[in-house]
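K.L.:
Handing you a structure now.
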Amino acid sequence: MKGSNIRGRVTEKTFYRFIIEVVEEYGGSGVSEIRFNSEPDIVFDFLDIKWLMPVKIGEDNKTIKDNFISYCRHRRESGINSGILLFLPKEARSISPEDETLRRFIRRKKVTALIDTELLQDGIRDTLPEIFEFIIEEMQKKTIKPYPLGLIINLLRQHIEDMMKEITLTESDILRIITNLDLFLGIGAEELLEKKKEESIRFLSSYIILSQLLFLRFYSEAHPEIMQGFTKPTKEQLRKIFERIKDINYRPIYEIDILDSIPEEYVSSAFELIQGLRIERQIYEIPGRLFHELMPKKIRKMLAAFYTRPQAAEILANLVIEKPNDIVFDPACGSGTILTSLYRRKRELFDGERNPHRQFCEEEIFGCDIMPFAVHLSGANLASLDVSETIDRTQIILGDSLKLSLGKALIPGIASIFLPTEEMAYKRTGEEYIVKPKEVDVIAMNPPFTKVERGIHKYIDMTRFKKNCGGEVGLWGHFIILAHEFLKERGLLGAILPINFLRGRESNKVREFIFSNYSPLFILKPTFNYGFTEWTEYRDIILVARKGKKKNYDVKFCLIRKDISKLSKEEIRDITEAIKVGKQHKFLDMRSFSCDEIKQHFCNLMWFCGISNFEHRDILIAFLEKFNLKKFPNGYFKEGFRPVPKGVSSFLFITRDNIR
Ligand SMILES: C[S@@+](CC[C@H](N)C(=O)[O-])C[C@H]1O[C@@H](n2cnc3c(N)ncnc32)[C@H](O)[C@@H]1O
């Protein structure tokens, strides 16, 4: 066969000979083939271990995910514990089947490879020889390298999408899972009912099963005894384990039994996927970010579930947590993105000997959300940040934050209308218990931006704080006044707010409230992204302010000059440190302005940050000064060009108005 041309359709098998050539060149030996499903996998010895090498044409998430699951099964059954999964670009099917062309393709084209060994796991895209170079280099390090978070999320999201198609839910199933959709989803459910209720329920059900398997994986890694008697991921066996875990932890999550609505194949492949991805190696990063990350785009839009980008939550946490024992509260905690970041930051600063997990979760971290499912998730996410310790409760309250009050104290002036309510949280056993929110060192939040005209009064009372925040501002303004009530003197408020906080009439009262009761420290604006919150229709900023007014203070306006979603943990740490000490950083443009300057432009603070680069601001201000203007007169700018083609809008002509 060697040297001859292969005729006919190009399949995966057509490439085997040329792949094996590369394997052998890099020292692979004892090459053979082993059949598991349809196509045989290549098997070889390399670097003193045995490897399985499945080869597939196609690099889309579905192909990768399905074949990864199949590989995991094959790995278990064959007892061969390492693998390189190769995914060739689609064009492989249409190349001419001549030896030289095939050989060149395999050596020169970039392919996707998932590498799976005891220590090294990775997903890379490179040429096959480079992939082998990479493996040799990485394996020498002998350190654990988990799969990148992005890859894990893509494969899990794909599985959710596949599972959603197969879920069979009758009306009564839906009612069993979610007794009341309104309660389950909180506000917005009414509208949703008319739209795509079923699709959303399919997502939620798929997500629930996935999180049950996920928390099981986290938990069983620390407590392997929970898996006693478990041999295969069948529904029957999983149900038994779920029962067991429910008696120990995460009851609210495991209480929902939807195993019957999902075909066994999807449940067991979800189990294989989670196991194969060794998701526990990313346990510190995953909780708090999956719910939104796994939500298919159209569902996000439907549920209008705006979430905080995990990187924004990390930025916020780095800026507001000053001590490891800071008591923190997020009154709009959603699934816990900010709370888990606050936890991580507290833990980074903690240098004691003992494990602070229980103290953090049971005493120092408070959250509240109106959406029951979010509350359960927040609790489970916090609990799973350290599964070695079983906690009895978290302090995540289910309820309308705007009704919360400190302890039992009545609020002067409004007490007659609103008696403070004692809101419920859940113990790990699922029992309800009463939480009395107390004064905290830090409030960190991304409150709902919902506008008044959206009929929000139907669900939430907006009169309690109206006196202080005005009647026109969105819900977020009410949350600011609420936060004030819970924050200790000198405590830090960190909030993601609509950019309109900085300007205009609607937000004027809130702005005044902040600038007369706080010393604002930092105002961060993204320049690359629309906002720190994903999927909102509003631009937003991060405000960090210290409670208590100082006579003189400077506010640092900070422009973040990189795509927020691409910021690494280290970059976030460096940027936030730079902000705190007033140093520049390549992804940061920062200027300080005094409170006197701020007063002069109080009705529009965009004066300080309405640009993407402070040099642009200098040019505009120099221009105004030259002509002795305080601001550009009304009607000064006229639209001259439509921003088509792309890029045209990035220049600006300033001309005299006498050309007519
Ligand atoms: C922008 S989201 C915050 C998301 C959260 N930081 C996350 O990433 O998961 C706003 C949250 O406020 C909640 N919410 C809206 N009105 C509320 C109220 N009156 N009391 C408590 N939570 C409320 C919503 O359910 C939603 O989860």
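The values are calculated or read from the model by the stated rules, or taken from the named source; none is laboratory data. From a predicted model like this one, the values you see are computed outputs, not experimental measurements. Cβ: placed from backbone, ideal geometry, glycine included. Neighbour counts: every protein chain shown. Side chains included, ligands, DNA and RNA excluded: accessible areas come from the protein's heavy atoms. Shrake-Rupley method; radii C 1.70, N 1.55, O 1.52, S 1.80 Å.
K.L.:
Among the candidates ARG73, ARG107, which residue alone is touching a residue at least 12 places away in the same chain (Cβ under 8 Å), closer than 18 Å to VAL23 by Cα and outside any strand (DSSP E or B)?
P.N.:
Just one listed residue meets the conditions, ARG107.
K.L.:
Related question: For THR429, indicate whether it is assigned by TED's automatic domain parsing to the domain that holds THR337, in a loop (DSSP other than H, G, I, E, B), at pLDDT below 70 and more than 16 Å from the ligand (Cβ to nearest atom).
P.N.:
yes
K.L.:
A further question on this structure: Say whether the condition of being farther than 21 Å from ALA483 by Cβ, away from the ligand (no atom under 16 Å from the Cβ) and of a type outside the set (S, T, N, Q) is met by at least one residue in the range 538-545.
P.N.:
no
K.L.:
Determine whether the range 92-105 contains at least one residue that is in the same structural domain as LEU47 (by TED's automatic domain parsing), closer than 23 Å to LEU47 by Cβ and over 24 Å from the mean Cα position of the chain (by Cα).
P.N.:
No, because not a single residue in the range 92-105 is in the same structural domain as LEU47 (by TED's automatic domain parsing), closer than 23 Å to LEU47 by Cβ and over 24 Å from the mean Cα position of the chain (by Cα).
K.L.:
So, LEU342, is that one open to solvent by less than 20 Å² (accessible area, probe 1.4 Å), closer than 17 Å to ILE564 by Cβ and either within 14 Å of the ligand (Cβ to nearest atom) or in contact with a strand residue (DSSP E or B) (Cβ under 9 Å, 6 or more places away or on another chain) (or both) or not?
P.N.:
The answer is no for LEU342.
K.L.:
Please find, among ASP116, ASP126, the residue that is open to solvent by less than 10 Å² (accessible area, probe 1.4 Å), of a type in the set (D, E, K, R) and either at positive phi or at pLDDT 95 or above (or both).
P.N.:
Exactly one residue qualifies, and that residue is ASP116.
K.L.:
If ARG75 passes every condition in (1) touching a Lys or Arg at 6+ places or on another chain (Cβ under 8 Å); (2) open to solvent by 10 Å² or more (accessible area, probe 1.4 Å); (3) closer than 20 Å to SER269 by Cα but one, which one does it miss?
P.N.:
With respect to (1) touching a Lys or Arg at 6+ places or on another chain (Cβ under 8 Å); (2) open to solvent by 10 Å² or more (accessible area, probe 1.4 Å); (3) closer than 20 Å to SER269 by Cα, ARG75 is out only on (1).
K.L.:
Just to be sure I understand, how many residues within the range 561-579 are under 23 Å from GLU293 (Cβ atoms), open to solvent by less than 20 Å² (accessible area, probe 1.4 Å) and modelled with pLDDT of 95 or more?
P.N.:
Going through the range 561-579 one residue at a time, the tally reaches 3.
K.L.:
Sticking with this structure for a sec: If I go through the range 477-507 residue by residue, how many of them are among the aromatic types (Phe, Trp, Tyr), over 20 Å from PHE608 (Cβ atoms) and open to solvent by less than 10 Å² (accessible area, probe 1.4 Å)?
P.N.:
Count: 1.
K.L.:
In the list GLY494, GLY474, which residue meets the criterion of being modelled with pLDDT of 95 or more, within 16 Å of the ligand (Cβ to nearest atom) and touching a helix residue (DSSP H, G or I) at 6+ places or on another chain (Cβ under 7 Å)?
P.N.:
Going through GLY494, GLY474 in turn, the sole match is GLY494.
K.L.:
Sticking with this one: Restricting attention to the range 584-608, which residues are free of Cβ contacts under 8 Å to residues at least 40 places away in the same chain, over 28 Å from the mean Cα position of the chain (by Cα) and in a loop (DSSP other than H, G, I, E, B)?
P.N.:
Residue satisfying the conditions is HIS601 alone.
K.L.:
For VAL510, are the conditions met, namely being open to solvent by less than 10 Å² (accessible area, probe 1.4 Å) and either farther than 30 Å from HIS616 by Cα or within 11 Å of the ligand (Cβ to nearest atom) (or both)?
P.N.:
Against the criterion (open to solvent by less than 10 Å² (accessible area, probe 1.4 Å) and either farther than 30 Å from HIS616 by Cα or within 11 Å of the ligand (Cβ to nearest atom) (or both)), VAL510 does not qualify.
Matching residues to (1) buried (at least 22 other Cβ atoms within 10 Å of the Cβ); (2) more than 9 Å from the ligand (Cβ to nearest atom); (3) at pLDDT 95 or above:
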| site | (1), (2), (3) |
| --- | --- |
| ARG300 | no, yes, no |
| LEU316 | yes, yes, yes |
| GLU322 | no, yes, yes |
| ILE327 | no, yes, yes |
| THR337 | yes, no, no |
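K.L.:
Which of the residues that make up the range 335-356 are part of a loop (DSSP other than H, G, I, E, B) and polar (S, T, N, Q)?
P.N.:
SER335, ASN355
K.L.:
If you don't mind, there's one more thing I want to ask. Given the criterion within 12 Å of the ligand (Cβ to nearest atom), part of a loop (DSSP other than H, G, I, E, B) and either in the same structural domain as ALA578 (by TED's automatic domain parsing) or not basic (Lys, Arg) (or both), identify the matching residue among ALA312, ALA332.
P.N.:
After ruling out the rest, the residue left standing is ALA332.
K.L.:
Further question on the same structure: Quick one: is GLY150 small (Gly, Ala, Ser) and surrounded by 16 or more Cβ atoms within 10 Å (Cβ to Cβ)?
P.N.:
The answer is no for GLY150.
K.L.:
Continuing with the same structure: Could you identify the single residue in CYS595, CYS558, CYS609, CYS603 that is surrounded by fewer than 16 Cβ atoms within 10 Å (Cβ to Cβ) and away from the ligand (no atom under 16 Å from the Cβ)?
P.N.:
CYS603
K.L.:
For GLY407, state whether it is open to solvent by 10 Å² or more (accessible area, probe 1.4 Å), in contact with a Lys or Arg (Cβ under 6 Å, 6 or more places away or on another chain) and at pLDDT below 90.
P.N.:
yes
K.L.:
With respect to GLN359, determine if the residue is part of a helix (DSSP H, G or I), within 16 Å of the ligand (Cβ to nearest atom) and open to solvent by 10 Å² or more (accessible area, probe 1.4 Å).
P.N.:
Taking the combined requirement at face value, the residue does not satisfy it.
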